[in-house]
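Undergrad: Have a look at the structure that comes next, please.
The values are calculated or read from the model by the stated rules, or taken from the named source; none is laboratory data. Keep in mind that this is a model prediction, so the values were computed, not measured. Methodologically, a virtual Cβ is constructed for each residue, glycine included, from the backbone with ideal geometry; neighbour enumeration extends over all protein chains shown. Remember, those area values only see protein heavy atoms, side chains included, never the ligands or the DNA or RNA. Shrake-Rupley method; radii C 1.70, N 1.55, O 1.52, S 1.80 Å.
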Amino acid sequence: MDRKPPRVWISNASPKAGEVLRVRAQIEHVMESGLRSDGAGKIRPRNIVTRFEARLGDALLFAWEPGISVAQNPYIEFTFVARTSGELKLLWKDDAGQSTSASKAITVA
């Protein structure tokens, strides 16, 4: 299945040290709960995003494990304090074993 790349927005890609950055990200994903059936009455298998991680370099900034009540195309927003420059890496994993990632450079002035 072809998916569009995640949408990622960062409040400032060139912050000063100590500045709080806001990150907004959204991925296209059906988030099938496993509780619905198709037209033939067959249960659709569960396939939700089970883990989201945000890292700056190797440092874990934020982790989230959503449940089945999250709507399709999940949107997430979080903040962190800019201390060092690096590659902001975002990773989504789902029940089907697929993963999607995005990255943005952060340069601390």
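Undergrad: Net charge around W9, counting only other residues with Cβ within less than 11 Å of its Cβ (Lys, Arg = +1; Asp, Glu = -1)?
TA: +3
Undergrad: Highest mean first, what order results for 76-84, 22-30 on Cβ atoms within 10 Å?
TA: By packing density, highest mean first, the sequence is 22-30, 76-84.
Undergrad: Quick check for you: with a 1.4 Å probe and neighbouring chains kept, what is the accessible area per residue of the chain, in Å²?
TA: 61 Å²
Undergrad: Okay, next question. Rounded to whole Å and sorted largest first, list the principal axis extents of the Cα atoms in the chain.
TA: That works out to 58, 24, 21 Å along the principal axes.
Undergrad: Ignoring any ligand, DNA or RNA, what whole percent of the accessible area of the stretch 17-87 comes from carbon and sulfur when the probe is 1.4 angstrom?
TA: 49 percent
Undergrad: In a shell of Cβ-Cβ distance under 12 Å around V30, excluding V30 itself, what net charge do Lys and Arg (+1) and Asp and Glu (-1) give?
TA: Local net charge: 0.
Undergrad: Nearest 0.05, what FRET efficiency do A63 and A109 give at R0 = 25 Å with Cβ-Cβ as r?
TA: So the FRET efficiency works out to roughly 0.35.
Undergrad: In whole angstrom, note down how far apart the Cα centers of the stretch 12-29 and the stretch 30-109 are.
TA: 15 Å
Undergrad: Within the chain, how many lysine pairs that are 8 or more places apart, or on different chains, have C-alpha atoms less than 23 Å apart?
TA: Close lysine pairs under the 23 Å cut-off: 7.
Undergrad: Show me 88-96, 43-51 ranked by packing, highest mean number of other Cβ atoms within 10 Å first.
TA: The packing order, highest mean first, is 88-96, 43-51.
Undergrad: Still on this structure, I have one more. If one computes P(r) from the Cα atoms of the stretch 1-48, what percent of pairs lie at distances over 16 Å?
TA: Tail fraction, whole percent: 62.
Undergrad: Under a Cβ-Cβ cut-off of 10 Å, what is the net charge of the residues other than A109 that fall near it, where Lys and Arg count +1 and Asp and Glu count -1?
TA: 0
Undergrad: While we're looking at this one, here's another question. Over the chain, calculate the relative contact order: mean separation of alpha carbon pairs under 8 Å at least 6 apart, over the residue count, as a percent.
TA: Relative contact order of the chain: 32 percent.
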